[in-house]
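Here the structure comes first, spelled out in structure tokens, and everything after it is commentary.
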Amino acid sequence: MMLRDHAIRYGFIVLLFGLIACFAIAADGFVSPQSAVFIFQSVAITGVLALGVTATLVVGGFDLSIGSVATSAMMAASYVMVVLEQNAVVAVIACLLIGVLVGLINGWLIVYMRVPDLLATLGMMFLLVGLQRIPTEGRSIATGMTMPDGSVANGKFGDAFLALGRHRFDFFIPNLIPVSVVVLLVLAVLIWFFLEHTRFGRMMYAVGSNERAAELAGAPVKAYKIWAYVISGVFASIGGILLAARLGRGDIASGNNLLLDAVAAALIGYAVLGAAKPNAFGTAVGAVFVGVLLQGLTMMNAPYYTQDFVKGVVLVVALVFTFALSGRGKR
């Protein structure tokens, strides 16, 4: 029994360090500051999205629209600056408003219209995928492009906006830490503190654990659930802002894998330290795990088409640690 308990609690952490050790031996240069930073940078955006998904998991929901919210925010930021020729502040505000609006609509559909969360957010995902392509008739947005009405988009991304995705801070080594990594770490600490150490966060856990009991205790259950989807929408829009700043254009196909990677990180988080529940710390570790895995496979020249398979195997192992070994799946 004690061995099983230790396996549940520390098994995934051991697996993470074992993976790092294997890649350190098999791939030259894997253990270096530059490699570590590249891993963090590669998962910064999906990590931010995964933290938003965690908020909905906490209240017993799920958000499938995060990837499309992020790409919509990216396209909106590009449209505002390149086509409308506005500054970075206007673009960021527009993106955040998109996240809030989508979160409110998702929450309203789920709470008041009683649409199951998977169906509501799936419908929103398809709606946004189509909506973001209408202004440019399905084309990516870049300076000098010809718009459907024949006009030319002469705006450009501001230097301040591009710095969000491209600037690097000095940390022992010049130009080492990207802004996106700092954003991920700050948001991870904020959402961890919010969920674990505030009354609002603890009530969100109570809603997810037993919605009926929370309602009988006088908690505004509907408000908590709506706020969870607003948080998810805002985090997804922040991810879209970072993506637009990194690319410097509105690439219509750049967010294809965001949903799957973010969901994988959030679900892997269940297995970290035997939490068996959605939690911000576990989600951050899950995002790092995905980054380590993909970076190691890339440095070993593994075929790109095997990466999704390996991620799937890891996710299944994480869920086995969480539910099968711990008995959480029993009713």
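The values are calculated or read from the model by the stated rules, or taken from the named source; none is laboratory data. Everything numeric in this text was worked out from a predicted model, so none of it was measured. Using ideal geometry, Cβ is built from the backbone for each residue, glycine included, and neighbour counts are taken over all protein chains shown.
Output the number of the condition that Val31 fails; it satisfies all remaining conditions of (1) β-branched (Val, Ile, Thr); (2) over 30 Å from Ile134 (Cβ atoms); (3) in a helix (DSSP H, G or I).
With (1) β-branched (Val, Ile, Thr); (2) over 30 Å from Ile134 (Cβ atoms); (3) in a helix (DSSP H, G or I) applied to Val31, the lone miss is (3).
Restricting to helices (runs of 4 or more DSSP H) lying wholly in segment 151-242: which have 3 or more residues that are β-branched (Val, Ile, Thr)?
Those helices (runs of 4 or more DSSP H) span 179-197.
For segment 63-93, enumerate the residues that are part of a loop (DSSP other than H, G, I, E, B) and surrounded by fewer than 21 Cβ atoms within 10 Å (Cβ to Cβ).
Correct list: Leu84, Glu85, Gln86, Asn87.
Within segment 248-255, can one find any residue that is surrounded by fewer than 19 Cβ atoms within 10 Å (Cβ to Cβ), touching a Leu at 6+ places or on another chain (Cβ under 8 Å) and in contact (Cβ under 8 Å) with a residue 60 or more places away in the chain?
Yes, because at least one residue in segment 248-255 is surrounded by fewer than 19 Cβ atoms within 10 Å (Cβ to Cβ), touching a Leu at 6+ places or on another chain (Cβ under 8 Å) and in contact (Cβ under 8 Å) with a residue 60 or more places away in the chain.
Take segment 107-147 and flag every residue that is of a type in the set (Asp, Glu) and part of a loop (DSSP other than H, G, I, E, B).
Matches in segment 107-147: Glu137 only.
Residues to consider are Val207, Val183, Val221; find the one that is farther than 19 Å from Phe281 by Cα, buried (at least 19 other Cβ atoms within 10 Å of the Cβ) and touching a residue at least 24 places away in the same chain (Cβ under 8 Å).
The unique qualifying residue is Val207.
Is one or more of the residues making up segment 31-43 within 16 Å of the chain's Cα centre (by Cα), buried (at least 24 other Cβ atoms within 10 Å of the Cβ) and farther than 30 Å from Ser151 by Cα?
yes
Within the set of pairs 6 or more residues apart or between chains, which connect a residue that is over 16 Å from Ala244 (Cβ atoms) inside segment 131-142 to a residue that is assigned to a loop (DSSP other than H, G, I, E, B) with Cβ atoms less than 7 Å apart?
Partner pairs satisfying both residue conditions: Glu137/Pro148; Gly138/Ile252.
Taking the stated definitions as given, is Leu109 crowded, with 17+ Cβ neighbours inside 10 Å and either aromatic (Phe, Trp, Tyr) or under 30 Å from Val221 (Cβ atoms) (or both)?
In short, yes.
Write out, first by first residue and then by second, each pair whose Cβ atoms fall under 7 Å of each other, whose residues are 6+ apart or on separate chains, and whose first residue, in segment 152-163, is hydrophobic (A, V, I, L, M, F, W, C) while the second is assigned to a loop (DSSP other than H, G, I, E, B).
That search, which allows pairs on different chains as well, returns Val152/Gly144; Ala153/Thr143; Ala153/Gly144; Ala153/Met145; Ala153/Met147; Phe157/Gly248; Leu162/Gly248.
Taking Gly239 as meeting all but one of (1) modelled with pLDDT under 95; (2) under 30 Å from Gln132 (Cβ atoms); (3) crowded, with 20+ Cβ neighbours inside 10 Å; (4) not aromatic (Phe, Trp, Tyr), write down the number of the exception.
Condition (1) is where Gly239 drops out.
Tell me, yes or no, whether segment 5-21 has at least one residue that is closer than 21 Å to Arg168 by Cα, of a type outside the set (D, E, K, R) and either surrounded by 13 or more Cβ atoms within 10 Å (Cβ to Cβ) or modelled with pLDDT under 85 (or both).
There is no residue in segment 5-21 that is closer than 21 Å to Arg168 by Cα, of a type outside the set (D, E, K, R) and either surrounded by 13 or more Cβ atoms within 10 Å (Cβ to Cβ) or modelled with pLDDT under 85 (or both).
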